[in-house]
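Visitor: Following this message is one structure expressed as structure tokens.
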Amino acid sequence: MISKINIFWLFGAIILNLSLLIFSLSGLSISYHEAQIYYSNSNLGAILRYISSIFNSNEIALRTIYLMIHIANSCLIYTISLKILKRQSDCVIAAILYMFLPGVLVSALIVNQASIAIFLTLIIILFQQYSKPILMILTLIITLLFSEPFIALYLAIMLFGIFNRDKKMAVLGAVFCIIWYYLNGFEASGKPRGYFLDSMAVFAAVFSPLVFIYFIYTLYRIAIKESKGFLWFISITAIGVCMLLSMRQRVELEIFLPFCVIFVPVMVRTFFSSYRSRLPKFRNIHKFLAIIVLATLVINSLVIIFNQYLYLFLDRPSQHFAYKYDIAKDIANKLKSMGITSINTNQTLSIRLKIYGITDGGNYYLSQKSQKSCQKIKISKFNKTIATFYLCEK
């Protein structure tokens, strides 16, 4: 039975998290990468277009979908934590830490495959915890609709089965690995180049640097000392394969990161196991380290949420890490205010404007190159110009 106080803290954290995300979304535009996913021929693109057609609003529908998935994922983290952690309060802490990880916040804000990969993986873990093999297999079949990110999961299932001498799990994982290869293939051409440090830097940004160090420590500690559960196999396989591949080539980290951020419950268990095994007078070092780690996590998370304010401190707005998620919505609103619903512009901007109802074509063209006898359109944040466009008649 879940206590009322734990329900209060969990849903209080979800409401706070959701409020901050909605605030952050108010300043974001659809990026080129997001628009590509939306208009792609993939199963994900088709599903997103169908749902947005129901709501009759592309951007609002897209943002709502991912916020709902994020909330579901946070609740699932709490649910699977009940089988991993001893106290319900620890489960709440795990869920809160998960929902405020920088990478998780980003996945809730933008159109991506990671959120869906996290959701389906958590469902599979839940079925594995409660010994529901049929439901687990059915969910694995659903993952084939978005098969590209799931190779780490399929490999983990196979390795987990081999390690535990569970032939059914090993065969299941192997079968899905073969299906994945048939659907996606494997690209390893080109001149070998090392991207190991680049990949490590991205992982550190997703977790926040000190949390990432503790993530690595927990994986290592379990590898040499503790029993190895299904969740450990998923995360160690994901980061292991990613790091090996990144020594040779650039890796799509979106394929591997979702299977690492869900490791939070095990990290919380490791911390509290070490913390509570000591007498109160010997816990000060743990408290100090926890405060430092959480402080860096909070700072990194706040930078994500309030990223728009960074424009105030940048001489070149285009250097802002979220610049590619800006501008399009502001341009669309300005064009609509002038009665323009069709515009000629570069392909990158055109597909973004299409989300906001501005189609390609018409009697005007839009350019960032300075031109005489053209109307200047300025995009500003906090009274600071971050982009200038020129609207010209053909």
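Laboratory data are not the source of any read-out in this text; all were calculated from the coordinates shown. Bear in mind that the values here come from a model prediction, so they are computed numbers and not experimental data. All Cβ positions, glycine included, derive from the backbone under ideal geometry; neighbour counts span all protein chains shown.
Visitor: Note down the magnitude of the dipole of the chain about its Cα centre, charges +1 on Lys and Arg C-beta and -1 on Asp and Glu C-beta and zero elsewhere, to the nearest 20 debye. List each step's numbers first, then the result.
Guide: Working: 37 positive and 15 negative charges, 167 e Å.
Using Cβ point charges on Lys, Arg, Asp and Glu, the chain gives about 800 debye.
Visitor: Using the Karplus curve 6.51 cos²θ - 1.76 cosθ + 1.60 with θ = phi - 60°, what ³J(HN,Hα) values do you get for each residue of region 222-233, in whole Hz, with x for Gly and Pro?
Guide: 5, 4, 9, 10, 10, 5, 10, x, 4, 5, 4, 4
Visitor: Go through Gln371, Gln319, Ile355 and say which Cα lies farthest out towards the positive end of the charge dipole of region 319-393; charges sit on Cβ, +1 for Lys and Arg, -1 for Asp and Glu.
Guide: The Cα lying farthest towards the positive end belongs to Gln319.
Visitor: So, R0 is 51 Å and r is the distance between the beta-carbons of Lys228 and Ile340; what FRET efficiency does that work out to, to 0.05?
Guide: On the way: r = 60 Å, r/R0 = 1.17.
Efficiency, from the Cβ-Cβ distance: 0.30.
Visitor: Moving on to the next point. Which one of Leu302, Gly240, Phe163 has its Cα pushed farthest toward the positive end of the charge dipole of region 154-302, where Lys and Arg give +1 and Asp and Glu give -1 at the Cβ?
Guide: Highest projection toward the positive end goes to Phe163.
Visitor: Another question, then. Restricting to DSSP loop positions (anything but H, G, I, E, B) with no more than 10 other Cβ atoms inside 10 Å of their own Cβ, which trypsin sites (Lys or Arg not before Pro) remain in region 94-169? Mind dumping the intermediate values first?
Guide: Values: sites: Arg165, Lys167, Lys168; in loops: Arg165.
Qualifying residues, ordered by number: Arg165.
Visitor: Further question: Residues in region 87-130, backbone N under 20 Å from the label point at Gln36 (7 Å along the Cα-to-beta-carbon vector): list them, ranges by number please.
Guide: Residues 106-117 fall inside that zone.
Visitor: Tell me which chymotrypsin sites (Phe, Trp or Tyr not before Pro) from region 302-367 have a DSSP coil assignment and no more than 12 other beta carbons within 10 Å of their own.
Guide: Numbers: sites: Phe306, Tyr309, Tyr311, Phe313, Phe321, Tyr323, Tyr325, Tyr356, Tyr364, Tyr365; in loops: Phe306, Phe321, Tyr356.
Those that pass, being in a loop and sparsely packed, are Phe321.
Visitor: Here is a follow-up. Output needed: percent of Cα pairs per 10 Å distance bin for region 19-76, bins running from 0 to the one holding the longest distance.
Guide: Bins of 10 Å from zero give 21, 52, 27, 1 percent of pairs.
Visitor: Which percent, nearest 5, of DSSP beta bridges in the chain are antiparallel?
Guide: Details: 11 of 14 bridges.
The antiparallel fraction comes to roughly 80 percent.
Visitor: Right, something else. With a ≥ b ≥ c the root eigenvalues of the C-alpha gyration tensor of region 35-175, is it rounded (a/c under 1.5), prolate (a/b larger than b/c) or oblate?
Guide: Details: a/c = 2.41, a/b = 1.32, b/c = 1.82.
Because a/c hits 1.5 or more and a/b fails to exceed b/c, region 35-175 counts as oblate.
Visitor: Once you measure Cβ to Cβ distances between cysteines in the chain, which Cys have no partner under 4.7 Å?
Guide: Cys75, Cys91, Cys177, Cys242, Cys260
Visitor: Further, regarding this structure: Can you figure out the FRET efficiency of Glu254 with Tyr220, using R₀ = 25 Å and their beta-carbon distance, to the nearest 0.05? Could you put the intermediate results ahead of the total?
Guide: Details: r = 25 Å, r/R0 = 0.98.
It comes out at approximately 0.50.
Visitor: OK, next. If I compute semi-axes √(5λ) of the Cα gyration tensor in Å from the structure I just sent, which labelled value in [x] 59, 26, 21; [y] 40, 25, 20; [z] 35, 23, 19 lines up?
Guide: Working out semi-axes √(5λ) of the Cα gyration tensor in Å from the coordinates points to [y].
Visitor: Residues of region 334-352 with backbone nitrogen within less than 15 Å of a virtual label 7 Å along the Cα-to-Cβ line of Gln368, please, listed as ranges.
Guide: Label zone hits: 345-352.
Visitor: Give, in nm to one decimal, the length gained when the segment between Asn184 and Ala290 is fully stretched (0.36 nm per residue of separation minus the Cα-Cα distance). Write out the running numbers ahead of the final one.
Guide: Numbers: separation 106, 0.36 × 106 = 38.16 nm, distance 4.17 nm.
Between Asn184 and Ala290, full extension yields 34.0 nm more.
Visitor: Okay, next question. How long are the semi-axes of the ellipsoid equivalent to region 319-393, from square roots of 5 times the Cα gyration tensor eigenvalues, in whole Å, largest first? Kindly include the intermediate steps, with their values, before the conclusion.
Guide: Numbers: eigenvalues 69, 45, 26 Å².
Calculated on Cα positions only, the semi-axes equal 19, 15, 11 Å.
Visitor: Which of Glu226, Glu254, Glu59 moves the most in a Gaussian network model of the chain with Cα springs under 10 Å?
Guide: Glu226
Visitor: When DSSP beta bridges are limited to those with both residues in region 319-393, what percentage is antiparallel, rounded to the nearest 5? Walk me through the numbers before you get to the answer.
Guide: Values: 11 of 14 bridges.
The antiparallel fraction comes to roughly 80 percent.
Visitor: Right, something else. Need the full-extension length gain, Ile60 to Lys132, defined as separation in residues times 0.36 nm minus the C-alpha distance. One decimal, nm. Kindly include the intermediate steps, with their values, before the conclusion.
Guide: Details: separation 72, 0.36 × 72 = 25.92 nm, distance 3.58 nm.
Stretched out fully, the Ile60 to Lys132 stretch lengthens by 22.3 nm.
Visitor: Rounded to the nearest 500, what is the chain's calculated 222 nm mean residue ellipticity when only DSSP H runs of at least 4 contribute -39500 (n - 2.57) each, over all residues? It would help to have the intermediate numbers written out before the result.
Guide: On the way: 18 runs with 247 residues, N = 394.
The helix contribution divided over the chain gives -20000 deg cm²/dmol.
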